[in-house]
1. I'd like the full set of residues that are over 27 Å from B:PHE251 (Cβ atoms) and away from every other protein chain (no Cβ under 11 Å), limited to the stretch B:397-422.
2. Being aliphatic (A, V, I, L, M), crowded, with 24+ Cβ neighbours inside 10 Å and part of a strand (DSSP E or B) is the filter; apply it to the stretch B:98-130 and report the residue that is nearest to the chain's Cα centre (by Cα).
3. Filtering the stretch A:6-59 down to residues that are more than 9 Å from chain B (Cβ to nearest Cβ) and within 17 Å of B:GLN307 (Cα to Cα), which residue is surrounded by the fewest Cβ atoms within 10 Å (Cβ to Cβ)?
4. When the residues of the stretch B:425-465 are filtered to those that are assigned to a helix (DSSP H, G or I), out of contact with any Ser or Thr (no Cβ under 9 Å at 6 or more places or on another chain) and not small (Gly, Ala, Ser), which remaining residue is nearest to B:TYR8 (Cα to Cα)?
5. Run down B:THR389, B:THR382 and say which single residue is β-branched (Val, Ile, Thr), touching a strand residue (DSSP E or B) at 6+ places or on another chain (Cβ under 9 Å), more than 14 Å from chain A (Cβ to nearest Cβ) and surrounded by fewer than 24 Cβ atoms within 10 Å (Cβ to Cβ).
6. Which of the following residues is under 16 Å from the mean Cα position of the chain (by Cα), touching a residue at least 60 places away in the same chain (Cβ under 8 Å) and under 25 Å from B:ASN146 (Cα atoms): B:GLY420, B:GLY438?
7. Can you say whether B:GLY142 is touching a residue at least 40 places away in the same chain (Cβ under 8 Å), surrounded by fewer than 24 Cβ atoms within 10 Å (Cβ to Cβ) and either in contact with a helix residue (DSSP H, G or I) (Cβ under 7 Å, 6 or more places away or on another chain) or over 19 Å from B:ASP417 (Cβ atoms) (or both), as far as the supplied structure shows?
8. For residues that are within 11 Å of chain A (Cβ to nearest Cβ) and of a type in the set (Gly, Ala, Ser), scanning just the stretch B:309-333, find the one that is surrounded by the fewest Cβ atoms within 10 Å (Cβ to Cβ).
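Every number here is computed from the coordinates shown, using simple stated rules; none is lab data. These numbers were taken from a predicted model, which means no experiment stands behind them. In this analysis, Cβ positions are derived from the backbone assuming ideal geometry, glycine residues included, and neighbour counts consider all displayed protein chains.
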Amino acid sequence: MPEPSRESSLEDRKRDAARAGLNLSDERVAELMGRFDEVDATLAAIRGIDVKAFEPHAVFAPRPAGD
Amino acid sequence: MPDNDLAYASIDELAPRIESGDLSPVDLTQASLDRIEALEPQLNAFLEVFSEGALAQAREAEAEISSGGYKGPMHGITVALKDLIDVEGTVTTGGSTILKDNMATSDATITRLLKEAGAIIIGKAALVEFAMGATGMNPHYGASHNPWNLERICCGSSMGSASAVAGGLAVTAIGSDTGGSIRMPAAVTGTAGLKPTYGRVSRAGVLDLSWSCDHVGPMTRTVADCAHMMNAISGRDSRDPASADQPVPDFTSGLKQGLQGVRVGVPLDFFYDDIDPEIETAVRAGITLMEREGAIVREISMPWVSQGRKINVGVNRPEAVSVHEEWLARYPEQYSIEVRARLEAASYIPATEYIRAQRARRWFIEKMTEATRDVDVLVTPTVPIQTPTIEECIVHPDGNLIAPATNLLGIFTGVFDTTGEPSLSLNCGFTEDGMPIGMMISGKPFDEVTVLRAGAGFEAAAGLLDRRPPIA
């Protein structure tokens with residue numbers, strides 16, 4: 001079974017999922033706690049990048065080299 | 001040519017024969033259909049085969065060619081389309097049961113372009129549910145089996161496309177790549193797969209997974225065949241809001257130029273850390289061969305590069321949740337265990353984190369641009385581990401929700417979905433137990449010509465194309 005979340009409670013996660021429109025049972029959230037942690041780890045790694053100088057480009061378009 | 005040779009012939013070998021009338025598109029199509037009938041029970045590469053439609057297209061191609069209307073190298077060539085690409089009047093399932101009745105009312109742009117080039121659409125290739133997964137498993141329709149070893153996965157998500165091409169069931173295929181789904185399957189099946197520059201090939205009429213990371217591209221047995229397909233499918237398309245307005249070159253123009261003077265960068269970081277020793281040996285041998293053929297090889301420090309895959313995930317997961325928002329709320333039980341778990345676990349990611357990932361993406365692109373300023377291509381392994389068995393990738397409701405290989409397979413490929421740069425996987429050798437090893441050649445935005453040149457130069461020097469899977 002997945003490991004319990006290190007960072008958040010089951011209730012926190014259930015509330016987060018509900019905010020996203022998903023009605024997950026306690027059992028389902030418990031199953032997913034390890035997956036939540038993995039997502040957290042990815043987000044934490046990105047949080048370590050200094051992005052102050054960069055704008056988001058939701059519709060992203062690369063440019064030719066030298067452009 | 002015996003049927004087995006026909007099944008493994010390249011476009012370069014087939015096209016002159018088709019143009020001259022020596023080989024009928026009908027015979028080539030029938031050969032593909034015969035292979036499908038014989039081998040599909042073992043490979044499970046297709047979700048639907050268009051037997052009658054393909055033969056009708058082939059007869060039309062034959063008539064056009066015999067009356068002087070030869071259209072070019074794709075004319076009469078069989079193509080398998082990943083089943084997230086619309087073909088008018090047929091169902092696009094996306095590998096899901098939710099879309100089992102999703103009838104396409106028009107062709108995707110890429111389908112239309114292939115038809116206009118005279119290609120024969122042979123069928124819809126199997127894929128991971130909604131293209132969301134690296135292992136090539138699909139609990140609804142079954143895994144595709146690897147022609148090199150039927151117990152091994154084809155990787156995902158374009159597993160049917162890879163299985164069909166490697167097994168000689170179709171001359172070519174189309175796949176899609178959001179975190180590596182063209183290149184991982186190409187690597188483990190000994191085929192060539194090109195993720196073009198983001199915006200180079202239209203996504204119109206292709207099911208979305210992640211708008212800003214989705215790429216569509218060719219999967220073939222040779223690098224040159226990728227180039228021929230790119231000539232047919234590339235270009236600006238007003239139906240795709242991210243389509244690039246860039247000049248379209250002749251993608252075959254560099255194929256015969258060899259490796260002399262090509263500047264090859266080899267990352268010092270990440271790509272060669274903790275990878276399977278046989279894979280490292282094969283890729284480094286490949287780089288040595290490229291140098292012997294005239295490439296200028298230099299090592300490049302990029303200690304930040306491991307962030308590329310994390311940014312890829314940080315962007316594509318929230319986009320995927322947005323794509324699936326309604327279905328996930330209404331039909332959660334129709335998703336497979338693994339895909340549902342990944343979507344549900346990503347559902348809580350706040351908007352600020354998504355925006356941060358997109359900002360980090362610009363940071364990453366600038367770092368990559370600066371680090372690769374003095375090279376033409378980067379050469380790396382495609383995947384870090386040997387090809388898992390299908391058994392190892394089955395997930396159970398009371399066990400791991402995600403197969404262990406899922407998070408490992410795409411760690412290198414995802415870097416170039418973050419940058420949007422063109423990235424090719426091709427075969428560079430074999431493991432001791434006979435499984436193909438993939439090498440990845442990645443280049444500058446919109447410079448597929450150099451990537452293909454480097455790939456073709458390596459392929460010619462390596463001489464690996466004659467080796468065929470046991471299923472052949």
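1. Filtering the stretch B:397-422 for residues over 27 Å from B:PHE251 (Cβ atoms) gives B:397-409, B:411.
Hits for the stretch B:397-422 are B:ALA403, B:PRO404, B:ALA405, B:LEU408, B:LEU409, B:ILE411.
2. Applying the first criterion (aliphatic (A, V, I, L, M)) to the stretch B:98-130 yields B:98-99, B:103-104, B:108, B:110, B:113-114, B:117, B:119-122, B:125-128.
Now narrow it down to the ones that are crowded, with 24+ Cβ neighbours inside 10 Å: B:108, B:110, B:114, B:119-120, B:122, B:125-128.
Add one more test, that the residue is part of a strand (DSSP E or B), and what stays is B:120, B:122, B:125.
Numbers: B:ILE120: 19, B:ILE122: 17, B:ALA125: 12 Å.
Step by step, filter the stretch B:98-130, then rank; the result is B:ALA125.
3. A:ALA44
4. Checked the stretch B:425-465; the qualifying residue nearest to B:TYR8 (Cα to Cα) is B:PHE458.
5. Details: B:THR382 fails: surrounded by fewer than 24 Cβ atoms within 10 Å (Cβ to Cβ).
It is B:THR389.
6. Working: B:GLY420 fails: under 25 Å from B:ASN146 (Cα atoms).
So the residue among B:GLY420, B:GLY438 that is under 16 Å from the mean Cα position of the chain (by Cα), touching a residue at least 60 places away in the same chain (Cβ under 8 Å) and under 25 Å from B:ASN146 (Cα atoms) is B:GLY438.
7. Details: touching a residue at least 40 places away in the same chain (Cβ under 8 Å): yes; surrounded by fewer than 24 Cβ atoms within 10 Å (Cβ to Cβ): yes; either in contact with a helix residue (DSSP H, G or I) (Cβ under 7 Å, 6 or more places away or on another chain) or over 19 Å from B:ASP417 (Cβ atoms) (or both): yes.
Criteria met by B:GLY142.
8. B:ALA329
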